[in-house]
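**Student:** There's a structure below that I have some questions on.
The values are calculated or read from the model by the stated rules, or taken from the named source; none is laboratory data. If you're wondering where the values come from, they're calculated on a predicted model, not measured in any experiment. Note that we place each Cβ from the backbone using ideal geometry, even for glycine, and neighbour counts take in every protein chain shown.
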Amino acid sequence: MKQELKKEIICVVGARPNFTKIAPIMAAILAHGKNIKPYLLHTGQHYDEAMKASFFEQLGIPEPNIDLGVGSGSHAVQTADVMKKFEPVLDERKPAAVLVVGDVNSTIACALVAVKKNIPVIHVESGLRSYDRAMPEEINRILTDQISDLLFTTEKSALDNLMREGIEKDRVVFVGNVMIDTLFKNIENAVPMAQTLATLKDAEKILNKPFGLITMHRPSNVDDKTTLTSLIDTLSELSSQLPLVFPVHPRTKGQIAEFQLMGKIEKSNIILLPPLGYLHLLGFMKNAKMVLTDSGGIQEETTALGIPCITLRENTERPITVTEGTNTIVGSDPVKIKAAFDQIMTDGGNVGRKPEYWDGHAAERIVKYLDDWLQ
Ligand code: UD1
């Protein structure tokens, strides 16, 4: 009987970085939600086995109640498709609220549809700002925060950003980082590197030896020929000092082929892998001497694990990873990349400490708050 009185929250996921954020929220609602129940909606923005299915399985995310099957497209097409397909679901389910995470196109698309139907929007990972409006995610963050009723933040600097944009303080709640909940829960279950590399002839180059990990997929790094060529040249050069493992995102794979950069990579000590599942990537991350990345999430994960991180971007929306963590921002300038690399090779780089509330319990705080908020 009590079950039926619970209010439904539609929890939205779309792309790879959303899955690690929704996993602990779903688990916490199912375990502790007194007045709320989840309805999991996948927009289908990411759909490949490596980009979607393995994440659901490895993170124990329940099968989505619905998959909108939107797929790839330009920003306008992808965002519009999510909106068109999300609206009838809202009409049918009439949820008490819609919960969105992160900053991908699915996040803003679903938030926008919900707010126009007067359905409360809850945004997890609010208030992060790179102040770089050329980044599609920055636009998604600003707009989603503006139209959200309840904004959960991962670090305290987020509140200052939100207040500068006119958002009332009482809509903002600092709960910590749900992605770090997922990290701590799964770190012991990481797939051993030897297993992932089993069929690879280059395995002996890195097994039981120091190595670095590269991840790179931002349009600003991979869509421009001059920038991507320079990055591959720099990373190839560095790989002679430290072998570099590089699981390649589908976008990056396409651009490497388009700009004919495979020859350079084959001559280097860079070891290419297909996109990896969460537990597979974790197996590499936790053993890496350093990580070179343009991902937002990996900047946070390396800080939580105390592993040096070189960020191949001009800015970060996650400043706490620099002020308190292990992160160094270098952009795509070869001189800066090499200097940060040398620093880590020489003295191990920034030691850092774990930020407040990155403690594995952020999702529980969210659910406790929501239980009262939706009364
Ligand atoms: C999206 C997010 C980005 C996030 C990234 C993580 C936006 C604006 N960007 O970027 O913030 O860091 O996900 O991966 O939402 N593709 C496949 N298989 C898939 C999905 C995509 O092959 O399952 C290919 C398609 O060719 C597609 C391209 O990857 O055109 C880009 O996918 P898309 O979802 O548009 O953006 P991402 O670059 O993945």
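**Student:** Looking only at region 273-295, count how many residues are in contact with a strand residue (DSSP E or B) (Cβ under 9 Å, 6 or more places away or on another chain) and either within 16 Å of the ligand (Cβ to nearest atom) or of a type in the set (A, V, I, L, M, F, W, C) (or both).
**Tutor:** Residues meeting the conditions: 15.
**Student:** How many residues does region 303-315 hold that are within 16 Å of the ligand (Cβ to nearest atom) and crowded, with 21+ Cβ neighbours inside 10 Å?
**Tutor:** Total satisfying the criteria: 4.
**Student:** Right, next: Take the conditions crowded, with 18+ Cβ neighbours inside 10 Å, more than 18 Å from Pro38 (Cα to Cα) and under 19 Å from the mean Cα position of the chain (by Cα) and apply them to Ala134. Does it pass?
**Tutor:** When the stated conditions are applied, Ala134 does not pass them.
Listed here are the residues, each with its yes/no results for (1) closer than 20 Å to Leu238 by Cα; (2) modelled with pLDDT of 95 or more; (3) in contact with a strand residue (DSSP E or B) (Cβ under 6 Å, 6 or more places away or on another chain).
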| position | (1), (2), (3) |
| --- | --- |
| Ile271 | yes, yes, yes |
| Ala304 | no, yes, no |
| Glu317 | no, yes, no |
| Lys338 | yes, yes, no |
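**Student:** Also: Residues to consider are Ala109, Ala76, Ala97; find the one that is surrounded by fewer than 24 Cβ atoms within 10 Å (Cβ to Cβ) and within 12 Å of the ligand (Cβ to nearest atom).
**Tutor:** Answer to the selection: Ala76.
**Student:** Let me ask another. Working only within region 158-172, note down all residues that are surrounded by fewer than 18 Cβ atoms within 10 Å (Cβ to Cβ) and either modelled with pLDDT under 95 or not small (Gly, Ala, Ser) (or both).
**Tutor:** Asp160, Met163, Arg164, Glu165, Glu168, Lys169, Asp170, Arg171
**Student:** Conditions first: (1) within 13 Å of the ligand (Cβ to nearest atom); (2) farther than 25 Å from Val248 by Cβ; (3) touching a Leu at 6+ places or on another chain (Cβ under 6 Å). Thr43 passes all but one, so which condition is the exception?
**Tutor:** (2)
**Student:** If a residue has to be basic (Lys, Arg) and more than 11 Å from the ligand (Cβ to nearest atom) to count, how many in region 214-252 make the cut?
**Tutor:** Adding up the residues that qualify gives 1.
Matching residues to (1) out of contact with any strand residue (DSSP E or B) (no Cβ under 6 Å at 6 or more places or on another chain); (2) without any contact (Cβ under 8 Å) to a residue 40 or more places away in the chain:
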| position | (1), (2) |
| --- | --- |
| His75 | yes, no |
| Leu90 | yes, no |
| Pro136 | yes, no |
| Leu143 | yes, yes |
| Phe152 | no, no |
| Leu159 | no, yes |
| Lys169 | yes, yes |
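**Student:** Would you confirm, using the coordinates I've provided, whether Ala158 is small (Gly, Ala, Ser) and more than 22 Å from the chain's Cα centre (by Cα)?
**Tutor:** no
**Student:** Still on this structure: Select from region 1-33 the residues that are within 12 Å of Ser106 (Cα to Cα) and outside any helix (DSSP H, G or I) and write down the one among them that is farthest from the ligand (Cβ to nearest atom).
**Tutor:** My answer is Cys11.
**Student:** I've got another one for you. So for region 332-352 (the condition being within 26 Å of Ile22 (Cα to Cα), away from the ligand (no atom under 16 Å from the Cβ) and hydroxyl-bearing (Ser, Thr, Tyr)), does at least one residue qualify?
**Tutor:** no
**Student:** How many of the residues making up region 51-73 are hydrophobic (A, V, I, L, M, F, W, C) and either in contact with a Pro (Cβ under 9 Å, 6 or more places away or on another chain) or within 12 Å of the ligand (Cβ to nearest atom) (or both)?
**Tutor:** Final tally of qualifying residues: 6.
**Student:** If you don't mind, another one. If we scan region 223-231, do we find a residue that is touching a Lys or Arg at 6+ places or on another chain (Cβ under 6 Å) and exposed (fewer than 15 other Cβ atoms within 10 Å of the Cβ)?
**Tutor:** No.
**Student:** Please go through region 319-336 and pick out each residue that is surrounded by fewer than 21 Cβ atoms within 10 Å (Cβ to Cβ) and more than 24 Å from Ser239 (Cα to Cα).
**Tutor:** Of everything in region 319-336, those that are surrounded by fewer than 21 Cβ atoms within 10 Å (Cβ to Cβ) and more than 24 Å from Ser239 (Cα to Cα) turn out to be Pro319, Val322, Thr323, Glu324.
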